[in-house]
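The values are calculated or read from the model by the stated rules, or taken from the named source; none is laboratory data. Note that this is a predicted model, so its numbers are computed, not measured. Counting neighbours? That spans all protein chains shown, and the Cβs are built from the backbone with ideal geometry, glycine included. All accessible areas refer to the heavy atoms of the entire protein, side chains included, with ligands and DNA or RNA removed. Shrake-Rupley method; radii C 1.70, N 1.55, O 1.52, S 1.80 Å.
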Amino acid sequence: MKAIILAGGLGTRLAEETAVRPKPMVEIGGRPIIWHIMKIYSHFGVNDFIVCLGYKGYLIKEYFANYALHMSDVTIDMRKGTTEVHRNTAEDWRISLVDTGDETMTGGRLKRAMSYLGDDDTFCLTYGDGVADIDIAKEIEFHRSHGKEATVAAVRPLSRFGQLDLDGDRVHAFAEKPVEEGGWINGGFFVLSRSVEKYIEGDTTVWERMPLEQLAAGDQMRAYFHDGFWQPMDTLRDRHFLEELWQKRQAPWRVW
């Protein structure tokens, strides 16, 4: 099975980092967040990736083009112009890097990438800026069990502010990052049937609008409930939070 990763957006809310690189290349623990996402999928046996490029996509191409070299012990003979690889610890990944345009919307990027699916009828889809300790294998199994066209991971976001349990002015309890009460939201980890392509008109189609709305209205979408860790990297604050978890060896998404 293949996983399509949407990695072409501008990342304007993380401008401190994305002025010089695309958001999926912003590092957590010295590795781009897209690497962390791919490691999650790889842990569950998904090693074939299609990455949708846009803004500064050449930096993602250059990273993966040199990835095996960076992960190896090498001897470079400047006189002979040769490079000898002694130890290669690179992952067993196959990556298609697809230029889907700087201005293309998420649905348009997905439509352009689907030509690289080959004969696969089912595939995964996610964004290049969020991590979770989600069990991808179980989500795929769930998708195949219900027979609908789309499965979306439903998650409960962490609150951005400490939550107070009050009795008048007395604070009973305080939670620094409690789970929000109420509804579930789109967690961005999808399993899809190839037939969803018919809901995408072209480059201007936003995946999260008409296609998902039509799938829901037509009873073709089911939610896979993920009650564990989930965190997008939308802001510099999010990036610092993820980095802190990684440095403390408390990163829940490190399932590998």
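A few notes on this one:
- Per-region count, segment 203-233, residues part of a loop (DSSP other than H, G, I, E, B), on the phi < 0 side of the Ramachandran plot and exposed (fewer than 15 other Cβ atoms within 10 Å of the Cβ): 7
- The set of residues from segment 63-118 being of a type outside the set (D, E, K, R) and under 17 Å from ILE37 (Cβ atoms) comprises TYR63, PHE64, TYR67, ALA90, TRP93, ILE95, SER96, LEU97, VAL98, THR106, LEU110, ALA113.
- Check on GLU84, over 26 Å from GLN250 (Cα atoms), acidic (Asp, Glu), open to solvent by 20 Å² or more (accessible area, probe 1.4 Å) and in contact with a Ser or Thr (Cβ under 7 Å, 6 or more places away or on another chain): yes
- Sole residue being of a type in the set (A, V, I, L, M) and at pLDDT 95 or above, chosen from VAL191, VAL179, VAL171: VAL191
- Residues located in segment 134-159, provided they are assigned to a strand (DSSP E or B) and among the hydroxyl-bearing types (Ser, Thr, Tyr): THR151
- Residue within segment 69-77 that is open to solvent by less than 50 Å² (accessible area, probe 1.4 Å), over 21 Å from TRP207 (Cα atoms) and free of Cβ contacts under 8 Å to residues at least 12 places away in the same chain present: yes
- Selected residue (only one of TRP256, TRP230, TRP246 is within 15 Å of the chain's Cα centre (by Cα) and under 24 Å from GLU91 (Cβ atoms)): TRP230
- Within segment 10-42, restricting attention to residues that are buried (at least 19 other Cβ atoms within 10 Å of the Cβ), among the aliphatic types (A, V, I, L, M) and part of a helix (DSSP H, G or I), the residue that is farthest from the chain's Cα centre (by Cα) is LEU14.
- Checklist (1) touching a helix residue (DSSP H, G or I) at 6+ places or on another chain (Cβ under 7 Å); (2) at pLDDT 95 or above applied to TRP35, failing item: (1)
- Test result for PRO32, in contact (Cβ under 8 Å) with a residue 60 or more places away in the chain and either under 22 Å from MET233 (Cα atoms) or touching a Gly at 6+ places or on another chain (Cβ under 8 Å) (or both): no
- Scanning segment 87-118 for residues that are surrounded by fewer than 13 Cβ atoms within 10 Å (Cβ to Cβ) and part of a strand (DSSP E or B) yields ARG87, ASN88, ARG94.
- Boolean, ARG194 is within 19 Å of ILE5 (Cα to Cα), open to solvent by 50 Å² or more (accessible area, probe 1.4 Å) and in contact with a helix residue (DSSP H, G or I) (Cβ under 8 Å, 6 or more places away or on another chain): yes
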